[in-house]
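Colleague: Here it is, the structure, as structure tokens.
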Amino acid sequence: MSESTGGINGAGTTDSTGTTDGTGITDNTGATGPTSTTRPTLLVLGSEPPPRLDRLAGRAEIVFADEKSLAALLPTADALLAWDFTSDAIRESWPAHGPRPRWVHTASAGVDRLLCPALIADDTVVTNARGVFEQPIAEYVAGLVIAMAKDFYGSWELQRQRRWQHRETLRLAGTRAVVVGSGPIGRAIGSTLLALGVGVDLVGRRERTGDPEFGRVHAAGALNGLLPHADWVVCAAPLTEETRGMFGAAAFALMPRRARFVNVARGPLVDEEALVAALREWRIAAAALDVFAAEPLGADSPLWDVPHLIVSPHMSGDTLGWRDALAEQFQDNFDRWAAGEPLRNVVDKRLGYVPVT
């Protein structure tokens, strides 16, 4: 949902004297900062293909870990790159006491797969991949909205049947969308829909007036009053304890029958059984899910066969070159970390996302 103005401003390591620097690197003598004889250890929770970290050659000891070896290696690392951002291993392995990385970067926008009480409580700085996925996801949502409005699925099916059947479709201009989540992804989605002539109500954690693009950001408490007027409902909120399951039977009951629902955020934000019931009973017109409560979606899942539901395999932000963009972003932040400069995309661990500045 909406992002607060509070948060953490940079990395820091406390040495044996209780002083803090901005490098996130501690050597065995208690002095902080990179030296000519000591290179920081970067632990990478890996997946295939591995990240291209050419710029770090000679500047860091890079050690790759999998889910089985991560727990044993965490105490040896100065920094951790969660390249496999689909894994729960960090949350399950994070040490409550003793040595641990001073900085964790996840190659994803969401941080729900890694945050745990011990990590939230300690002084480790967490950063994310904000800035990489916003426009691709906005384009993906726009594509879904256009496809549903123009009944592309129906055209493909009629073509498969070799049937010539004229139909009327929906005009986008003048329809209204409720976009839930006022962070960078939600804002990019809203901006793209505005360009298509769709009116946008942006919903965040707290109300804000005087927004230069949307005029007003609605508070989360206003959502129920907005849903009955929505032609499109797009979920782009972070997964927190407050947002988990926010789209359930009650929310779908408030939507008009013409409404189409899209989730590009996190699967657990949606009660999938309630969505299936709403679609099968024709209480909403259509839906598209790019994220699911359990991923990958099993071949026996009923979601594959629900009428008027588009299923895609968590790919809305993944465009050609996205892995290289993630690696470059991390290496840019590594440069700042090594130089003792404030890191970009610092997550407020209590909120579960990067606050608005």
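Colleague: Using only helices, what value at 222 nm comes out for the chain when you add -39,500 (n - 2.57) per DSSP H run of length 4 or more and divide by the total residues, to the nearest 500 deg cm²/dmol?
Modeller: Counting only the DSSP helices, I get -7000 deg cm²/dmol.
Colleague: What relative contact order, as a whole-number percentage, does the chain give when Cα pairs under 8 Å and 6 or more residues apart are counted?
Modeller: On the way: 728 pairs, mean separation 72.2, N = 357.
This gives 20 percent for the chain.
Colleague: State to the nearest 20 debye the size of the charge dipole of the chain about its Cα centre, where the only charges are +1 on K and R beta carbons and -1 on D and E beta carbons. Before the final figure, lay out each step's value.
Modeller: On the way: 34 positive and 43 negative charges, 232 e Å.
Computed about the Cα centre, the dipole is about 1120 debye.
Colleague: Starting from the 7 Å offset along Cα-to-Cβ, what nm value, one decimal, do you get for the label separation of R244 and T169?
Modeller: 4.0 nm
Colleague: Of the options Y140, G199, V233, report the single residue whose Cα projects farthest towards the positive end of the charge dipole of the chain (beta-carbon charges: Lys, Arg +1; Asp, Glu -1).
Modeller: G199
Colleague: Over region 183-251, what is the relative contact order in percent, taking alpha-carbon pairs closer than 8 angstrom and at least six residues apart?
Modeller: 23 percent
Colleague: Full extension from R176 to R344: what is 0.36 nm times the residue separation minus their Cα-Cα distance, to one decimal in nm?
Modeller: Value of the extension gain: 57.1 nm.
Colleague: For the chain, find the longest principal axis of its Cα atoms and tell me its angle to the long axis of helix 134-149, 0 to 90°, nearest 10.
Modeller: With rounding to tens, the tilt is 10 degrees.
Colleague: Let me ask another. Per 0.36 nm of contour for each residue apart, how much would the distance between T319 and E67 grow if the chain were fully extended, relative to their Cα-Cα spacing?
Modeller: Here the answer is 88.1 nm.
Colleague: Rounded to the nearest 0.05, what FRET efficiency is calculated for T76 and A253 with R0 set to 41 Å and r the Cβ-Cβ distance?
Modeller: So, using R0 = 41 Å, E works out to roughly 0.20.
Colleague: Pairwise over distinct Cα atoms, reciprocal of the mean inverse distance: report the Kirkwood radius of the chain in Å, one decimal place.
Modeller: After inverting the mean inverse Cα-Cα distance, the result is 21.8 Å.
Colleague: Of the accessible area of the chain, with the probe set at 1.4 angstrom, what percent is carbon plus sulfur?
Modeller: Exposed carbon and sulfur together represent 53 percent of the surface.
Colleague: I'd like to check one number: the per residue accessible area of the chain, probe 1.4 Å, reported in Å² as a whole number.
Modeller: Values: 16890 Å² over 357 residues.
The answer is 47 Å² per residue.
Colleague: Counting DSSP beta bridges in region 202-303, what percent are antiparallel, to the nearest 5?
Modeller: 20 percent
Colleague: Putting +1 on Lys and Arg Cβ atoms and -1 on Asp and Glu Cβ atoms, find which of V111, V180, A339 reaches farthest to the positive end of the dipole of the chain.
Modeller: Checking the options against the dipole of the chain, the answer is V180.
Colleague: Taking the Cα centroid of region 108-128 and of region 39-63, what is the distance between the two, rounded to the nearest whole Å?
Modeller: 20 Å
Colleague: Next question, about the same structure. Using only Cα atoms, locate the centre of region 270-328 and the centre of region 162-223, then give the distance between them in Å, rounded to an integer.
Modeller: Result: 19 Å between the Cα centres.
Colleague: Please state the charge dipole magnitude for region 217-266, taken about the Cα centre, from unit charges on C-beta atoms (+1 on K and R, -1 on D and E), reported in debye and rounded to the nearest 20.
Modeller: Numbers: 5 positive and 3 negative charges, 44 e Å.
The dipole of region 217-266 has a size of about 220 debye.
The values are calculated or read from the model by the stated rules, or taken from the named source; none is laboratory data. Note that the structure is a prediction, hence the values are computed from the model and not measured. Positions of Cβ are generated from backbone atoms using ideal geometry, with glycine treated the same way; all protein chains shown enter the neighbour counts. Heads up: the accessible areas ignore ligands, DNA and RNA and are worked out on the full protein's heavy atoms, side chains in. Shrake-Rupley method; radii C 1.70, N 1.55, O 1.52, S 1.80 Å.
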